[in-house]
Structures are given as C-alpha cells and as structure tokens.
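Presented below is the structure to which this report refers.
What follows draws every value from the coordinates through simple rules; no lab data is involved. Since the structure is predicted, the reported quantities are computational estimates derived from the model, not experimental observations. When we count neighbours, we look across all protein chains shown, and the Cβ atoms used for this are built from the backbone with ideal geometry, even at glycine.
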Amino acid sequence: MLESGCKAPEFSLPDKDGNIIKLSDFKGKKVILYFYPKDSTPGCTKQACGFRDNFSEYEKLNATVIGISKDSIKAHTNFILKQELNFILLSDTELEAIKAYDVWQEKKNYGKVSMGVVRTTYVIDENGIIEKVFNKVKAAENPEEVLEYLKNAD
C-alpha cells in the first residue's frame, strides 16, 4: 500500500468516451482517487452514489473524484448512465494503475483465495503527493469519510 507523503504514480487511462485521462491533468486540484472491484455490484454502487451525491461539496473544496476499476469502457458507460454518475470513471483492464497503487492483492471470499482489487481511496494533493490513504474502506461510508477529512484538512 502506498503511504501519505509519497508521490502519486502517474497514469494514463481511458474514460467512458475513450479519452485518455492522466493524473497530471489535475495539477492544482485535489484528487479523490478511489479503486473499486466491479461496476454495478451492491457495494460499488453504494460507494459511487455516495461520491455522486457529495460531488458539489468536493468541488467547493477544490477536489475532483476519479474512480478506477478493471471493468471495460462499456461497463463503465452502463454504470454511469444507470446511476447518473457525475464524475470520471477510468478503465484499467491492464491493471496499470491498479498495480502501481498497490491495490491488486490477494482476497478471501467464502474461503476461496483469489487476486482482486482491494477497495482503497487516496486523496492526492494539488502537487501530486498522496495526502491521505483510506484502506479497508467500507463502501457506503467512504464518500462521507473523505468529505469530512477534506473539510478538516485545512
């Protein structure tokens, strides 16, 4: 897991329209970068809707939200439309950013061990430095937790 104070790894990943988005595109803004396992699953939907519902509050604090999973662009498009998401989702089918941010880890589910994305949120400052790491995230609580952190950070 990456830690606070580390330089956030750069990435170049496609959004729902196939546009390549880079972390460096957001220099001068805080970035709430969250990694999640799978579009349209109950936990991931709760987390995404929480970020959607708080988006204007994040913007007031000069922060934007970017979600990354290994889902396809098509899956992201469907998820965005169905949940009316108002922030960027990036497709990382090659696990480029997922591995760079050390969220591709061994997981246990009903006794079965497999590799997968461990739900993690990073707050990255205006200069590309990791300011805060939220690991072992509870999907429904994370968006509020991040908002509270941002409000109290200054």
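Quick notes on this one:
- The Cα center of the range 1-63 and the Cα center of the range 76-154 differ in position by 7 Å.
- Size of electric dipole in the range 1-132: Cβ of Lys, Arg +1 and of Asp, Glu -1, about Cα centre, debye, nearest 20: 420 debye
- Residue pairs, from the table 7/136; 16/151; 74/132; 7/74; 30/107; 38/151, whose Cα atoms sit over 27 Å apart: 16/151; 74/132; 7/74; 30/107; 38/151
- Translational diffusion coefficient (Stokes-Einstein; Kirkwood radius from C-alpha pairs) of the chain at 37 °C, 0.692 mPa s, in µm²/s: 213 µm²/s
- The order of 130, 32, going from fewest to most other C-beta atoms within 10 Å of their C-beta, is 130, 32.
- Ordered by the number of other Cβ atoms lying within 10 Å of each residue's own Cβ, fewest first, 110, 149 fall into the sequence 110, 149.
- Long-range HN-HN contacts of residue 70 with modeled amide H, under 5 Å: 92
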